[in-house]
Each structure stands twice: as structure tokens, then as C-alpha cells.
1. Calculated from DSSP H runs of 4 or more alone, at -39500 (n - 2.57) each and per residue, what is the 222 nm mean residue ellipticity of the chain, nearest 500?
2. Angle between the Cα long axis of helix 366-381 and the longest principal axis of the chain, 0 to 90 degrees, nearest 10?
3. To the nearest 10 degrees, how steeply does helix 336-349 sit against the main Cα axis of the chain, on a 0 to 90 scale?
4. How long is the gain from residue 88 to residue 326 if the chain were fully straight, where each residue apart is worth 0.36 nm and the alpha carbon distance is subtracted?
5. Stretch residue 172-residue 345 to full length: gain in nm at 0.36 nm per residue minus the Cα-Cα span?
6. Restricting to Cα pairs below 8 Å that are 6+ residues apart, what does the relative contact order work out to for the stretch 191-259? Please round to a whole percent.
7. If you look at just the Cα atoms of the chain, how large are its Rg and its Dmax in Å?
8. Using r as the Cβ-Cβ distance of residue 197 and residue 275, and R0 as 30 Å, what FRET efficiency do you calculate, to the nearest 0.05?
Ligand SMILES: Cc1cc2nc3c(=O)[nH]c(=O)nc-3n(C[C@H](O)[C@H](O)[C@H](O)COP(=O)(O)OP(=O)(O)OC[C@H]3O[C@@H](n4cnc5c(N)ncnc54)[C@H](O)[C@@H]3O)c2cc1C
């Protein structure tokens, strides 16, 4: 057997890195990170396309309202190397670009269409005191009315979730903007955000990884963890922190646990670079219509006028796309909480702690993944060093 550590961290994405950095800041050095890829950053990694930065896990913005996460990230990539933005997005709908969110920009549609959608809006169940449904599909109809739901938000989500759409619940809906008909852009996550001025989003995580040098093993995909906490037959840990999709690490888990893991559903994303220019001031465009193969475009020249081109995100695996991620969105299906409770109880009994988007199977953004990593390290090191 190889090396022994207090903590083995699976995955060098934002959650694993934040956890590890905080361990180090608290004086704990007995840890190792095992990372499948040859670079840190997870879904937040960036590359160069057309000569300038591109985020290879899709467009990534730093939520400006999360002061703890911002302070942490700025300690690696200083605040003066980020630009502050007010979110400005568009929706490409029936051949024209309208503002986001849809329901606040009905006036931009042709008159007949506008009237039909206003009618849908007026008839929405939520407006008439009907109880909130438990399925996402019904919830969208309840919020927006049948027509807006079918033509816009369900059509968009169909592209994102495919056949999983009817299985989604409603307990993740803090991700969506609250419904509103005024034009103010003051909605939900990322109303205001930061993006680096000279780099892609991934730069901050490369810098984090730098201070963890010697603690990260790259190109090391965890496949199995034995009953006595030996990872890949080589690394032994008193505690294992898992930030990776459970499906990838479970080869040695008991059959009933593998079966539970199989009930956790997810979708992927393909990211593709285009060097043309789309003439708009918006930072991102959503595409609900079926005949357009992607669901979102991110226009980087609206972050930085020297960076031409844009990239698109599609849930359908495209063999020609430069970047495809099998695990992009952990599906928030109805009934998954019970599965997670059983899985986590079993895992904790084996000293495996879930963390982050995949470990906790939570549809969270980077800032939240970071905060969860920081908090977990605090909990484990409370009252001095050692495994909590
Ligand atoms: C299209 C898209 C757009 C997004 N936009 C934003 C945004 O604008 N703003 C924002 O804040 N967030 C955004 N997010 C969410 C953000 O990417 C995640 O919240 C964040 O990356 C979660 O960090 P994590 O460390 O939990 O997971 P990940 O980033 O997924 O990191 C997990 C790490 O584990 C590694 N790994 C996986 N399997 C194994 C294995 N078996 N062995 C070893 N290592 C393994 C992976 O390579 C990866 O490095 C977006 C996500 C997507 C898909």
C-alpha cells in the first residue's frame, strides 16, 4: 500500500480546493487530493479558444452577493483583476431577441403573441391561489400559465434535461428567477457578478492549486474505495471527502449501494466555440426552440471588447464539440432526498463525507460549493487538528 493521510479529497474542483486550502490555513497538512484530470478547477476550468479565454464547462460568473466566496476567491485572483457586471441576458424567441426574464418582456413580442401570453399569465394557477405543485413541469405551468410554460420555459428545460424533465421536483427552484412582469433585472442568482478582466474563470482555481502543490495528484481517477478506506488500492485515509459523482467511485461498494447510486440522475453539457459575432449587448442568450441545437450562448466580447466570438452549450453529446462533460447537472428528481439520506448515512458510516455539487448531489453554484468546502474544513478542524 502507498501513502496514508488524515484526509483524502476526491476531486480538485472548487469544493475540494476550498476544503483543502482551509485545512492548510488551519495548519492541517496531512491531506491529499486525487484529481481525475490533469488540471484543477473542475467544471470551472478555462482554456484558450480563438486566442482568448473560454470556460470549458460552460459560461461561469462569480456571484457578487456571496461576500464570503468572493473574499476567498479574491485572495487568489485579486478583486482589481475582476470586473463587476449587472446581468443582462436575452432570449431568442420566434426569430427575435427579447429581454430576460421572458414574462417581464412580453411587450417586446408582436401584438397578437403578446396578448396570448398575457392571457396565459393571467390564468396561471399561482395567481388564483391554487396550491403549489410538487413536480417541476406542473410548477412551471402553475407559475406562468400553460402557453408561456409550453412555448418558453418547459421548451428550454426540455433541451437541458431531456427525458428527465417529468421526474424533476421543485425543491431546487431558488435557481430560477422569481416571476415578475416589471423590467427590473433584480432577480435571483447572478443579478450582479464578477468576471476576470484578463483570464478565464478557471484562473482563480489554478492559483488555488498552486498553493496546494505537493498535495494534488493529477490524472488520478478514483474508481474504488475498499472497506478499510484504501483508495484505488494505494492511498489510505482516516477520512475521505468525496466531491466526485458517486457513479465514478463506486466499483467496490456493496451492490445495494451501487443500486442507490444508479437512482441519481444527471445530464451532460457540450461546449463549442464559434468565432463569429452576434450583434447584441447581452452577455448570454437562451434558446428555447427545438430546432436550434444548443440552449445557451455566452458572448465573451460583452465581457471584454477585445475577446471576439462566443461559445454555445448543448446538453446533447456532440462528437465534434471540443469539450464534453458527462456530468454537468445533478438532476433534482422527486424522491432523490430519500436516496441521498440512505447513501450519505452509509457513506458516513465508512468515513466518507459528501461535499459539493456531486458529493452532495446539489444543484449549487461555485460560490456555494466554495462555502461548503470552507465550512466543512472548519467543522473538521474545530477544537484543534484532527479528524472530526
Ligand atoms: C453549464 C454550466 C454553467 C455554470 N455556470 C455557473 C456560473 O455562471 N456561476 C457559478 O458560480 N457556477 C456555475 N456552474 C456551476 C459550477 O460549475 C459548480 O457549482 C462548481 O463547479 C461545483 O464545484 P465542485 O467542486 O462541487 O464540482 P466540480 O467542479 O464538478 O469538481 C469536481 C472535481 O472532481 C473531479 N472528479 C470527478 N470524478 C472523479 C474521480 N472519479 N476521481 C477523481 N476526481 C474526479 C473532476 O474532474 C472535478 O475536478 C455552472 C455549471 C455548468 C454545468
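1. About -7500 deg cm²/dmol.
2. The angle comes out near 30 degrees.
3. 10 degrees
4. So the chain would gain 82.8 nm between residue 88 and residue 326.
5. Fully extending the segment from residue 172 to residue 345 adds 60.1 nm.
6. 23 percent
7. 21.8, 72
8. Working: r = 21 Å, r/R0 = 0.71.
Once the sixth-power term is evaluated, E becomes 0.90.
Read-outs: derived from the displayed coordinates by stated rules, not from any lab. Since the model is a prediction, treat every value here as computed from it, not as a measurement. Using ideal geometry, Cβ is built from the backbone for each residue, glycine included, and neighbour counts are taken over all protein chains shown.
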